[in-house]
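Heads up: the structure comes next, in structure tokens.
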Amino acid sequence: MSLIEDFLTQFGFSQELIEGVFAKPGATMPAIFLAGGYNVNEYYKMTGVPAYEIVRNARHLIKSQMNLQYKFKVDLLTCLVDLNIMSESFGAKLYYDHDVLPMPNKPAIESLDDIDQLEIPDPHKDGRMPVIIEAAKLYKEKYKAKSSLIYGGYIEGPITASSNILGVENFMRGLVTNPDLIHKLLDKVTTALIEFGNAQLEAGADAIGIAEPTASSTCISPDFFKEFAFPYLKKINRKLNTPGTLIHICGHTQPIIKQWIKIPNTFIISVDEVDLTKTLETIGNKFIIVAGNISPITLLRETPETIELITKDIINEVGNHGKFVLCPGCDLAPGTPEENIMAFLNAGRKYGKFPI
Amino acid sequence: MGLIENLKNAVIDGDVDSAARIANEIIDRKMDLKNAILNGLSAGMRVVGKKYEEHEYFIPEVIVSADALNTAFNIIKPHFKDKDTDYKAKVIIGVVKGDIHEIGKNIVAQFLNASGYKVIDLGRNVPPEKFVEAIEKYNADIVAMSTLMTPTLEQMKITIEHLKENGLRNKIKVIIGGAPTDQEFMNEIGADYCCKDANETVSTLDSIIIKNEVN
């Protein structure tokens, strides 16, 4: 276990967090959340700085995240914003709004025949990649020494990024009608994602998270996951200059867990709509931490009392298994009541003391 | 197997070329087009919807099936001497303001089209005023709103409030859909129906028609 402890220490895991991950008596089940959309919206409401400015400014991004840290005292910080960073860098156009994250407007290419026109973007120049890299650098300079935080940089997964480059509908169609060209696109995008991820690590990110929602079984079949997502995620994890990554796939993922955990160097899987008992069983003795899985819709719409009960159920289901952290199934929705987020975190602190 | 059955299978298989060829043959042979639409295209799409429900098909497969359906439908449509009043009902459909995910909405629109509804598709990122404007302009019977994301759920509520303010709420049935929607949310915002997929939307609207709830 000390090997694994060393491994986790490399990512900035504190002793307390490690003990929580291993369900040691006296430790507490760790709780984290992913906040991109929520965080930008909160910061806008607090400061009046419009969302379109926050997502283009590393200083605002870091401040908005530190604001959450100050409020909720979680151990994970990420510069997570929207999932259009790579597509925009390849030339896609986005809608920018004042209170929410940017959204896709026009893909970078309209047809698979135009793949050759796509040039691999420069992470230090194109789109908002320099902003995300700068955020990692700012974190390293200003906060890293002072806190026990883990700072996670992030990239989109190859399917998610490619589908925004080509337009989701065209991408989905292409999976069936033109798999060869889709592979060509994925290959190109994978190269760009690796460069972007490594640039964030070099700038100061402790770890990299990969957000790959479009590869979930809510969107594509497990067979397509195996054929189109797996090889590229494997390549990314092998080529990133880090011993392991977090891979987040929200939506329905039970049918792909087996394949997902075969991706080398995956050390956390962030899950949404799955049966936790089955998922932990599938993982077995492998060292992979599961992060899950209270629904962000529950956090947005239910009462603190209900949220406490649901979180308690998750804690009881996982029990003393270990290799588990409490986490919402996806990015917190803008406008999620603060008392609901507190109810989730507090339930972890209240019921998550080991042994459970 | 007859041509209608072949057309149905072309839709199920997402075979655009066969769907086009069969549709042209149906027209050349002057076959009953209404039958081709209902028992070929629509029936095929119902099977596709079922396969999606049962996790046999996923979004890519549904999209290519919808492509086959659309290709055949566009070939048949100009030959189909149908009057405006022959439609079961007029449906305004759109993805609410702030959201651009429209694959699900497009599939629902295609299902409704093939099932005999007149569909006016407002696209994505549709503000409440646009829904109101279209309902008045087309004298629609049904408005269908969708969103994939949680933050934009609020827009459904706002749109319904706009309908009330413009005196339209009681003249129209409001149907909502998309991943984060459910019956509870439907009740909360005062919508009439919440459907989980394209098949359910068609059967729900058909049941409203049978009950004559549409004005």
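The values are calculated or read from the model by the stated rules, or taken from the named source; none is laboratory data. Worth saying up front: this structure is predicted, and the values here are computed from it rather than measured. Note that each Cβ is placed from the backbone with ideal geometry, even for glycine, and that neighbours are counted across all protein chains shown.
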Can you go through A:Glu134, A:Glu119 and tell me which one is in a helix (DSSP H, G or I) and at pLDDT 95 or above?
A:Glu134
For the stretch B:143-158, which residues satisfy the criterion of being of a type in the set (Val, Ile, Thr), surrounded by 24 or more Cβ atoms within 10 Å (Cβ to Cβ) and away from chain A (no Cβ under 13 Å)?
B:Val143
Per the filter on the stretch A:299-334, residues surrounded by fewer than 17 Cβ atoms within 10 Å (Cβ to Cβ) and within 14 Å of chain B (Cβ to nearest Cβ) are A:Thr303, A:Thr306
Collect the residues in the stretch B:124-168 that are free of Cβ contacts under 8 Å to residues at least 24 places away in the same chain and of a type in the set (D, E, K, R), keeping them in residue-number order.
B:Glu133, B:Lys137, B:Glu154, B:Lys164, B:Glu165
Look through the stretch B:114-142, keep the residues that are away from chain A (no Cβ under 14 Å) and polar (S, T, N, Q), and return whichever of them is nearest to B:Ala72 (Cα to Cα).
B:Ser115
Within the stretch A:1-12, residues being hydrophobic (A, V, I, L, M, F, W, C) and under 13 Å from A:Gly244 (Cα atoms) number 4
Does the stretch A:191-205 include one or more residues that are more than 14 Å from chain B (Cβ to nearest Cβ), within 18 Å of the chain's Cα centre (by Cα), part of a strand (DSSP E or B) and buried (at least 24 other Cβ atoms within 10 Å of the Cβ)?
no
If you take the residues in the stretch B:30-52 that are within 14 Å of chain A (Cβ to nearest Cβ) and under 16 Å from B:Ile103 (Cβ atoms), which one is nearest to the chain's Cα centre (by Cα)?
B:Val48
Qualifying positions in the stretch B:10-25 - touching a helix residue (DSSP H, G or I) at 6+ places or on another chain (Cβ under 7 Å) and assigned to a helix (DSSP H, G or I)
B:Ala10, B:Val11, B:Ile12, B:Val16, B:Ser18, B:Ala19, B:Ala20, B:Ile22, B:Ala23, B:Asn24, B:Glu25
Extreme residue, nearest to the chain's Cα centre (by Cα), among residues of the stretch A:101-112 that are of a type in the set (A, V, I, L, M), within 14 Å of chain B (Cβ to nearest Cβ) and surrounded by fewer than 22 Cβ atoms within 10 Å (Cβ to Cβ)
A:Met103
Could you list, in sequence order, all residues of the stretch A:243-260 that are outside any helix (DSSP H, G or I) and over 16 Å from the mean Cα position of the chain (by Cα)?
A:Pro243
Since A:Gly48 meets every condition but one in (1) more than 17 Å from A:Leu193 (Cα to Cα); (2) in contact (Cβ under 8 Å) with a residue 40 or more places away in the chain, which condition does it not meet?
(2)
Residues within the stretch B:1-24 that are of a type in the set (A, V, I, L, M, F, W, C), within 13 Å of B:Asn39 (Cα to Cα), surrounded by fewer than 24 Cβ atoms within 10 Å (Cβ to Cβ) and more than 14 Å from chain A (Cβ to nearest Cβ), tallied:
2
